[in-house]
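The values are calculated or read from the model by the stated rules, or taken from the named source; none is laboratory data. No experiment lies behind these values; they were computed from the predicted model shown. Here the Cβ is made from the backbone with ideal geometry for all residues, glycine too, and neighbour counts use every protein chain on show.
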Amino acid sequence: MQLCIFEDIKYANFEPLSLSRPVYELVCGIFTLREKILRDFPGRKYSLHCRAYLADTLRQEFPKIFVNEIGGDECLFINGRLLSDKNLARMFKMRDKKDRVYLYGDTVVAAKVSGGNLKKLKENLPDVISKDSFFGLPFENVETELVNYTWDLINSNGKEIAKDFKYLTAKNKNIKKKQKKKIHDGVHFVNKKNVYIGDGVEIKPGCVIDASKGPVYIDKNVLIFPNAVIEGPAYIGENSKIKSGATIYENVSVGKVCKVGGEVEDMIIMPYSNKQHAGFIGHAYLGSWVNLGADTNNSDLKNNYSTVKMNVNGREIDSGSQFLGLIMGDHSKSAINSMFNTGTNAGFSCNVFGAGFPAKHIPSFSWGGRDKLSVYNIEKSIETAKIVFKRRDKKFTETDAELFRAIFDLTKNERKDKGIK
């Protein structure tokens, strides 16, 4: 029985990050949600379900995986918002083989579908899957954990780093090869047994790696400049650089090929993004290809200590969290000395600059700051992305360009409602 990891209607709760990827491609801990699901179902063939405009981008990234196609005559559908659950995987193995839908509240967690039921679903496969997609199959309630908003990923990041660290270090014990790494004199470890250092890593003098409160996983070919401090739980992705004097507090995940400096805590940085200068960013989530200028800061705590609200897909939502900073979509940038208020949501391909705090909701393809926002020309945005890709030896394809244009069209009413021209 193959798997199909699917998107449901709540993908919009993760905008702007979900504008350019399915929700299951978001990171929490060390792995994406998709990778965590597949880890709990080892060896299974699988396909990926997503919104139609994302399909070509996903096929480009995973050329050997079926996207929005389902083979065979038996399939276990898994909600891509599921936060890895081994108990749930065991439950599916123990259940009988009758078709049924597994619900957590009103949300489809999973569904086992076969034969004629699967044939009907294949013929009418929707962009997003819901209870109504399964043609009256019987329901069964289960207990599990689903993420509902981006801040759920931020708030779960520390515990997920610890879980992923345990999995990776157990797996690495079975790999017999001599690793090369360069740990200079003057590097200090606290609880070193809870630190993993990958092949090709270099850590320069004066650094402190403190795993007393949680594990630290430093992936291959990472370079840590002098006098940096990393407190666990933390993950530093392969080929990333941690700059001199950086302070990385607990619950931070840094993707591959990133540069990080200044002060960060409780945040997730997707691959190919830079926050390499002084300034504080915390309780935040940065997409890919983001660049924050020197002395960019965000507030993550209100002066009255109340819970932080954020604009999500046109609605103001109370996060229920006392701490929440910046969520920024792919390809967005801030100028030097930029400031972001608590609970700021900045869209895809924005350029933010100017004095003072910009609005807490910055629509995709916005250009400017507090005083004025105008539309960032789509073709200029694409040209900039091509340059940025080339700097990282990546090819920007026509599929990538079409994704930009699709997101530009999808978000035009958002800009229009804000009077951005």
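Take residue 239 and decide whether it is assigned to a loop (DSSP other than H, G, I, E, B) and under 23 Å from residue 386 (Cα atoms).
Numbers: assigned to a loop (DSSP other than H, G, I, E, B): yes; under 23 Å from residue 386 (Cα atoms): yes.
Yes.
Scan the stretch 348-369 residue by residue and report those that are farther than 28 Å from residue 305 by Cβ and modelled with pLDDT of 95 or more.
Keep residues of the stretch 348-369 that are farther than 28 Å from residue 305 by Cβ, which gives 348-351, 353-354, 363-368.
348, 349, 350, 351, 353, 363, 364, 365, 366, 367, 368, listed by residue number.
Got at least one residue in the stretch 271-282 being in contact with a helix residue (DSSP H, G or I) (Cβ under 7 Å, 6 or more places away or on another chain), buried (at least 24 other Cβ atoms within 10 Å of the Cβ) and in contact (Cβ under 8 Å) with a residue 24 or more places away in the chain? Full working, then the answer.
The first filter runs over the stretch 271-282 and keeps only residues in contact with a helix residue (DSSP H, G or I) (Cβ under 7 Å, 6 or more places away or on another chain), leaving none.
No, the stretch 271-282 contains no residue that is in contact with a helix residue (DSSP H, G or I) (Cβ under 7 Å, 6 or more places away or on another chain), buried (at least 24 other Cβ atoms within 10 Å of the Cβ) and in contact (Cβ under 8 Å) with a residue 24 or more places away in the chain.
Can you name every residue in the stretch 292-324 that is β-branched (Val, Ile, Thr) and at pLDDT 95 or above?
Of everything in the stretch 292-324, those that are β-branched (Val, Ile, Thr) and at pLDDT 95 or above turn out to be 296, 307, 308, 317.
Can you spot a residue in the stretch 314-321 that is assigned by TED's automatic domain parsing to the domain that holds residue 228, more than 21 Å from residue 248 (Cβ to Cβ) and β-branched (Val, Ile, Thr)?
yes
So that you can scan it fast, the table gives a plain yes or no per residue for (1) polar (S, T, N, Q); (2) in contact (Cβ under 8 Å) with a residue 40 or more places away in the chain; (3) in the same structural domain as residue 236 (by TED's automatic domain parsing); (4) in contact with a strand residue (DSSP E or B) (Cβ under 6 Å, 6 or more places away or on another chain):
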site: 161; (1), (2), (3), (4): no, yes, yes, yes
site: 164; (1), (2), (3), (4): no, yes, yes, yes
site: 167; (1), (2), (3), (4): no, yes, yes, no
site: 171; (1), (2), (3), (4): no, no, yes, no
site: 179; (1), (2), (3), (4): yes, no, yes, no
site: 184; (1), (2), (3), (4): no, no, yes, no
site: 189; (1), (2), (3), (4): no, no, yes, yes
site: 197; (1), (2), (3), (4): no, no, yes, yes
site: 207; (1), (2), (3), (4): no, no, yes, yes
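Consider residue 227 against the criteria (1) touching a strand residue (DSSP E or B) at 6+ places or on another chain (Cβ under 7 Å); (2) among the polar types (S, T, N, Q); (3) surrounded by fewer than 19 Cβ atoms within 10 Å (Cβ to Cβ): it satisfies all of them except one. Which criterion is unmet?
(1)
One residue is enough: does the stretch 404-417 have a residue meeting the conditions under 17 Å from residue 299 (Cα atoms) and basic (Lys, Arg)?
Looking through the stretch 404-417, none of the residues is under 17 Å from residue 299 (Cα atoms) and basic (Lys, Arg).
Just the residues that are buried (at least 20 other Cβ atoms within 10 Å of the Cβ) and in contact (Cβ under 8 Å) with a residue 60 or more places away in the chain, please, taken from the stretch 107-125.
Those that are buried (at least 20 other Cβ atoms within 10 Å of the Cβ) and in contact (Cβ under 8 Å) with a residue 60 or more places away in the chain: 108, 112.
Residue 131: farther than 21 Å from residue 241 by Cβ and assigned by TED's automatic domain parsing to the domain that holds residue 236, yes or no?
no
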